[in-house]
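The values are calculated or read from the model by the stated rules, or taken from the named source; none is laboratory data. Treat the numbers as computed from the prediction; the structure is a model and nothing was measured. Every residue, glycine as well, gets a Cβ built from its backbone with ideal geometry; the counts of neighbours run over all protein chains shown. Please note that ligands, DNA and RNA were not included when accessible areas were found on the heavy atoms of the full protein model with its side chains. Shrake-Rupley method; radii C 1.70, N 1.55, O 1.52, S 1.80 Å.
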Amino acid sequence: MRAALTWRDKAEQCIYDLAFKPDGTQLIIASGNRLLVYDTSDGTLIQPLKAHKDTVYCVAYAKDGKRFASGAADKTVIIWTSKLEGILKYTHNDSIQCVSYNPVTHQLASCSSSDFGLWSPEQKSVNKHKVSNKITCCSWTNDGQYLALGMFNGVVSIRNKNGEEKVKIERPGGSLSPVWSISWNPSREEHNDILAVADWGQKLSFYQLSGKQIGKDRVLNFDPCCVSYFSKGEYILLGGSDKQVSLYTKDGVRLGTIGEQNSWVWTCKAKPDSNYVAVGSQDGTISFYQLIFSTVHGLYKDRYAYRDSMTDVIVQHLITEQKVRIKNRDLVKKIAIYKNRLAIQLPEKIQIFELYSDDSSDMRYRVKEKIAKKFECNLLVVCSEHIILCQEKRLQCLSFSGIKEREWVMESLIRYIKVIGGPPGREGLLVGLKNGQILKIFVDNPFAIVLLKQSTAVRCLDMSASRNKLAVVDENDTCLVYDINTKELLFQEPNANSVAWNTQCEDMLCFSGGGYLNIKASNFPVHQQKLQGFVVGYNGSKIFCLHVFSMTAVEVPQSAPMYQYLERKMFREAYKIACLGVTDTDWKELAMDALEGLEFETAKKAFTRVRDLQYLELISSIEERKKRGENNNDLFLADVYAYQGKFHEAAKLYKRSDHENLALDMYTDLRMFDYAKEFLGSGDPKDTKMLITKQADWAKNINEPKAAVEILLIDIARKLDKAEREPLSKCAYYFKKLLNHGYAAETYMKIGDLKALIQLYVETQQWDEAFALCEKHPEFKDDVYVPYAQWLAENDRFEEAQKAFHKAGRQTEAVKVLEQLTQNAVVESRFNDAGYYYWMLSMQCLDIAQDNEQQKTEMLQKFHHFQHLAELYHAYHFIHKCTEEPFNHYLPETLFNISRFLLHSLTKDAPLGISKVNTLFALAKQSKALGAYKLARHAYDKLQGLQIPAQFQKSIELGSLTIRSKPFHDSEELVPLCYRCSTHNPLLNNLGNVCINCRQPFVFAASSYDVLHLVEFYLEEGITDEEAVALIDLEAPRLDKKDSKWQEQMSDSVQTMRLLYKAEEIEGEDPFTAKLSFEQGGSEFVPVVVNRAILRSMSRRDVLVKRWPKPLQWQYFRSLLPDNPITMCPFCFQMFHSEDYELLVLQYDCCPYCRRKSDESS
């Protein structure tokens, strides 16, 4: 232990007391009539506090760090906050001698010459208690239950929290030995509360709470002024008239001096939870020291001895983790351990211990010898019969009786010394010097042997188990390995702070450095793993590592070095490494590698380790064959591969060693007939025949006559020529019968019978193969798609079946399937599906109309009928959902538009499944909600004449009554506008979904069902669809009217400007608009017909074209509000608001109407 001065300052007056803030950041010092607050990190004076009028004698900080208190000769106690602000003051009748905070309740005890007071923040007053004598010091127990008071008359009084005396300790010296300082041990590990008492009878004593003294009084030879414990109670600080601070153990054993001063030391305390000590003395000096506790320890193989609490030695067995404590009751200066010996140097003597027995796990030590002399040495080493003292350049060998037997003087300072074993009394020492010299010294030999000399100073040394190699760590952190016999440098590695050879393996060493553990085997690259600390030993698979003050045995798997040896095929060395400690998987790997390397001895040991009898039998049989004179290594290796399941490698080796028969036997024994045939290739036909016969025999033997026939059939089919159609057809027939369709297909392919092959694929439902064949030979389309469609229909995959019928050209069946699907969807109230199927039916009819001229008229009628039904069912799906389901996400406007659309579209006879009641009920509800009260009343009136389901009866009756209270008109916002003639149409239109003025049919959005700003127009006779689209695509630019005139008018204060156009110019702006403004005279619908000039004037983005396939005509629509985009599905030609369409496609990943994905081809 040594003390390093961190900082020092000088105050003007005597320092009587000091206190640390619990977090250790500040130091409060009582100097004169002021308090000085210092920063502990660098000794900066933060702030002086002046509030007392006379000398401050005492200061104490509360455990919670919120406040501290000071007491002075002016009879006052001041409470301060941690922010250095005074918050409270109270007085006693005499000068304040000491203050102390309760560590639990933060109650403050303040003691004067005649009384003591107890104050806590909750109390308004201070509870004071009179005492018969002057109080000099006080201290609370750890649990805050008792307060000890030290008196000037030599008495220690122990009081409870209420101030009542519980125990009185009378010291033998009485008033001649005033108690000047007391302190309770703060350790939580002690079973009893222990009070340290220092008096001016120059004694240090220890007492229990009961008043019973622990041990004897310790004589100090000076007057103690202060006693205090370290925060964990392991050490005591004492200062006084000897002008220094001394460190003692908690039992009162003096360990050393911390800092010598020029005057009496009145106060000294340890910084909380650290090794720093603050000292205050008579002359006003404040000193701040750091205590540095060095590690005192010794290691030999698996025994590690180290100092604990400065006076005890703990011996730890690193393998068994057993520990034994040897108490010395004095400062332990040096420790040395060797085999069954342990030497401990104390200040005045050296004690030598020995084990009770030779048992390697025995941990009981007894004193063998004591050398009652004081020795000065840097290093201590113990042998069986000697101790070696090292002092700088000098080595002294002493017997256990203390007689100097031998001495060696070196050329340079000794940096490292280690016992490397030997016979008792003749042990060898390895010595490393600062000048780089490395020597070997024998205890019984006066002459040192120089092993080698290097240019850099030695830091650490170790010798290999066989004494042939030497590892050195030098001052440059380099690990150097030498051959002792040749003095040759074998290799060197950087970043090393310590090194150790494996005691069980000659070629392995480990070294630590830079936070890594490095293991090196032979000349292989270093294997690294993270490890903090110093390597001090390496035994088998255990590495002993010292980190700070603790020694640990780290279990290191030796897998990495073992695999390094295996890579070089060094199996015996790998086995030695494996014996140090590897996993079972590593043992298996070693066994297999050694077996493949034909190193049978090593393989046998490894397989024995993993208890693999199968491979042990193989090795035994190979060894027997070797004894009989066999020496073909390829053959042995082939057997090994066969055992390992590497059959192809084994077969190659059998072939290479001219033992093909063994390869065939192996394959046939394993029933791998295909591999056997592959192995034979185009070899001897006899062998092939023999193999097939064997395969058939095996099938027959295992009661598989069918398999046997199959094998023979395959052989026959493959031998026959493709010209021999009849026997090959027979083979194919039997293959089919045996359900071996693969060979049947192969045979049909051989004779080129594609129809039979197609039939086979269809029968076995190998549709992909059948389709692939159809692509090459379209003439078999009917033979594949019809059965495929039937198979799909049987498996309830009707939609796919319909497509398959369509593909096969069986339109009738395709329509039939679709009609059935549609009917099922309607019956099951799946109206969305019904709408989709009707759309598909309409497209099917259109396909038939294209292909069949005779049915054209009928099919076109059906097409229009089914299209109409598809629209109705698609719209009714929303009405059904909103009436049948309690919750839905549809907007009232959407439902209102749909119910109006349906009402106008339905004729007298509604299609199957579509309910007029539901439609009218939905219309009534939504009309009422949106303010179309007239329409709602009409809907309720209509409902009265229909048969209403029981669940709606009450709601409809209530609605019919409440609607009477509403005004008899509709909201103008809901009235639909005709975009052709700009007429506002009534909500209830007798003509249906057309304008009442111009009879132009409305175009509805397929999701929201509001009227789109589109007008349908027709082409003038003689204009084809292709020409019309080409004219629209031209997009001729419009000319600016430059001859327009401004008319200006002036008045007194106003200037007016008007832009005048001629009427014909305004009309001529857009030719299409001119066509729309034509008033309808009669009741017949007159369509908008456009010529080439109008087409040319149109913009491509304003026109939507429904490009129907033949025989239908294309339909053209012009958008009158181009800024409101409309999207048309390219497959079903339904119109949507662009925003709605994008959202629906994102939601369903397809068009909601025709269910076609956008990436599909038209």
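Scanning the range 120-156 for residues that are open to solvent by less than 20 Å² (accessible area, probe 1.4 Å) and either at pLDDT below 90 or in contact with a helix residue (DSSP H, G or I) (Cβ under 8 Å, 6 or more places away or on another chain) (or both) yields Ser120, Gly154.
Every residue in the range 232-265 that is open to solvent by 40 Å² or more (accessible area, probe 1.4 Å) and either acidic (Asp, Glu) or part of a strand (DSSP E or B) (or both), please. Lay out the reasoning, then the answer.
Just the residues of the range 232-265 that are open to solvent by 40 Å² or more (accessible area, probe 1.4 Å), to begin with: 232, 234, 242-243, 250-251, 254, 257, 260, 262, 264.
Correct list: Glu234, Asp242, Asp251, Arg254, Thr257, Glu260.
When Phe447, Phe442 are checked against the criterion of being more than 17 Å from Tyr416 (Cβ to Cβ), over 43 Å from the mean Cα position of the chain (by Cα) and surrounded by 14 or more Cβ atoms within 10 Å (Cβ to Cβ), Phe442 stands alone in meeting it. For the range 1104-1123, a residue qualifies if it is modelled with pLDDT under 90, of a type in the set (A, V, I, L, M) and surrounded by 14 or more Cβ atoms within 10 Å (Cβ to Cβ), and the qualifying residues are Leu1112, Leu1120. In the range 1134-1158, the qualifying residues are those that are out of contact with any helix residue (DSSP H, G or I) (no Cβ under 9 Å at 6 or more places or on another chain) and among the hydroxyl-bearing types (Ser, Thr, Tyr), and the one that is least open to solvent (accessible area, probe 1.4 Å) is Ser1138. Just to be sure, is Ala336 crowded, with 18+ Cβ neighbours inside 10 Å, free of Cβ contacts under 8 Å to residues at least 60 places away in the same chain, part of a strand (DSSP E or B) and under 43 Å from the mean Cα position of the chain (by Cα)? No, not satisfied. Whenever a residue of the range 950-976 is touching a residue at least 60 places away in the same chain (Cβ under 8 Å), its partners that are of a type in the set (Asp, Glu) and surrounded by 10 or more Cβ atoms within 10 Å (Cβ to Cβ), lying with C-beta atoms within less than 9 angstrom and at least six residues away or across chains, give the pairs Leu974/Glu893. Would you check which residues across the range 876-894 are surrounded by 19 or more Cβ atoms within 10 Å (Cβ to Cβ) and closer than 15 Å to Val917 by Cβ and list them? Residues satisfying the conditions are Tyr876, Ile879, His880, Cys882, Thr883. Checked against (1) among the hydroxyl-bearing types (Ser, Thr, Tyr); (2) touching a Lys or Arg at 6+ places or on another chain (Cβ under 7 Å); (3) surrounded by fewer than 18 Cβ atoms within 10 Å (Cβ to Cβ); (4) closer than 24 Å to Trp266 by Cβ, Ser82 passes all but a single condition, namely (4). When the range 353-389 is filtered for residues that are farther than 22 Å from Leu413 by Cβ, β-branched (Val, Ile, Thr) and open to solvent by less than 30 Å² (accessible area, probe 1.4 Å), only Ile371 remains.
Kindly list, by first and then second residue, each pair from a residue in the range 232-246 that is in contact (Cβ under 8 Å) with a residue 24 or more places away in the chain to a residue that is among the small types (Gly, Ala, Ser) and surrounded by fewer than 19 Cβ atoms within 10 Å (Cβ to Cβ), limited to pairs with Cβ atoms under 8 Å and residues at least 6 apart or on different chains. Within 8 Å, the pairs are Lys232/Ser187; Gly233/Ser187; Glu234/Ser187; Glu234/Ser309; Lys243/Ser263. Taking the listed residues Asp42, Asp9, the one that is loosely packed, with under 13 Cβ neighbours inside 10 Å and either part of a strand (DSSP E or B) or at pLDDT 90 or above (or both) is Asp42, with no other qualifying.
Has the range 1026-1041 got any residue that is among the charged types (D, E, K, R), closer than 30 Å to Asn832 by Cβ and modelled with pLDDT under 85? If you could, list the steps in order and put the result at the bottom.
Filtering the range 1026-1041 down to residues among the charged types (D, E, K, R) leaves 1026-1027, 1033, 1035, 1038, 1040-1041.
Then drop every residue that is not closer than 30 Å to Asn832 by Cβ, which leaves none.
No, the conditions are met nowhere in the range 1026-1041.
When the range 517-538 is limited to residues that are touching a Phe, Trp or Tyr at 6+ places or on another chain (Cβ under 7 Å) and farther than 23 Å from Asp302 by Cβ, the one that is surrounded by the most Cβ atoms within 10 Å (Cβ to Cβ) turns out to be Gln528. Being part of a strand (DSSP E or B), farther than 22 Å from Val526 by Cα and free of Cβ contacts under 8 Å to residues at least 60 places away in the same chain is true of Leu451.
Report whether or not Ala471 is within 14 Å of Val535 (Cα to Cα) and assigned to a strand (DSSP E or B). Steps first, answer last, please.
Values: within 14 Å of Val535 (Cα to Cα): yes; assigned to a strand (DSSP E or B): yes.
In short, yes.
Among the residues making up the range 286-333, those that are open to solvent by 10 Å² or more (accessible area, probe 1.4 Å), aliphatic (A, V, I, L, M) and over 26 Å from Val265 (Cβ atoms) are Val296, Leu299, Ile314, Ile319, Val324, Ile326. Here the strands (runs of 3 or more DSSP E) wholly within the range 119-231 that include at least 3 residues being not aliphatic (A, V, I, L, M) are 127-130, 135-140, 155-160, 165-170, 179-184, 203-208, 213-219, 224-229. Filtered by the rule that a residue be in a strand (DSSP E or B) and either small (Gly, Ala, Ser) or in contact with a Phe, Trp or Tyr (Cβ under 8 Å, 6 or more places away or on another chain) (or both), the range 494-516 gives Ser498, Val499, Ala500, Trp501, Asn502, Met508, Leu509, Cys510, Ser512, Gly513.
A search for C-beta distances below 6 Å between a residue of the range 305-316 that is closer than 15 Å to Ala553 by Cα and any residue that is of a type in the set (D, E, K, R) and surrounded by fewer than 21 Cβ atoms within 10 Å (Cβ to Cβ), counting only pairs 6+ apart in sequence or on different chains, returns Gln316/Lys323.
Against the test of being open to solvent by less than 60 Å² (accessible area, probe 1.4 Å), modelled with pLDDT under 90 and closer than 21 Å to Thr267 by Cβ, the options Ser187, Ser183, Ser177 yield a single qualifying residue, Ser177. Annotation: of all residues in the range 46-55 being over 16 Å from Asp17 (Cβ atoms) and in contact with a strand residue (DSSP E or B) (Cβ under 6 Å, 6 or more places away or on another chain), the one that is surrounded by the most Cβ atoms within 10 Å (Cβ to Cβ) is Ile46.
Out of the range 276-306, which residues are part of a loop (DSSP other than H, G, I, E, B) and at pLDDT 90 or above? Gln282, Asp283, Gly284 - these are the residues of the range 276-306 that are part of a loop (DSSP other than H, G, I, E, B) and at pLDDT 90 or above.
What tally of residues in the range 42-62 results from selecting those that are more than 20 Å from Val265 (Cβ to Cβ), among the polar types (S, T, N, Q) and touching a residue at least 12 places away in the same chain (Cβ under 8 Å)? Matching residues across the range 42-62 total 1. Residue count for the range 911-948 satisfying the condition of being among the hydrophobic types (A, V, I, L, M, F, W, C), open to solvent by 40 Å² or more (accessible area, probe 1.4 Å) and under 20 Å from Val827 (Cα atoms): 1. Considered as a group, the residues in the range 602-637 that are modelled with pLDDT under 70 and more than 25 Å from Ile577 (Cβ to Cβ) include one that is surrounded by the most Cβ atoms within 10 Å (Cβ to Cβ), and that residue is Phe636. Within the range 85-110, being touching a residue at least 40 places away in the same chain (Cβ under 8 Å) and either crowded, with 19+ Cβ neighbours inside 10 Å or under 15 Å from His52 (Cα atoms) (or both) holds for Ser95, Gln97, Cys98, Val99, Ser100, Tyr101, Asn102, Gln107, Leu108, Ser110.
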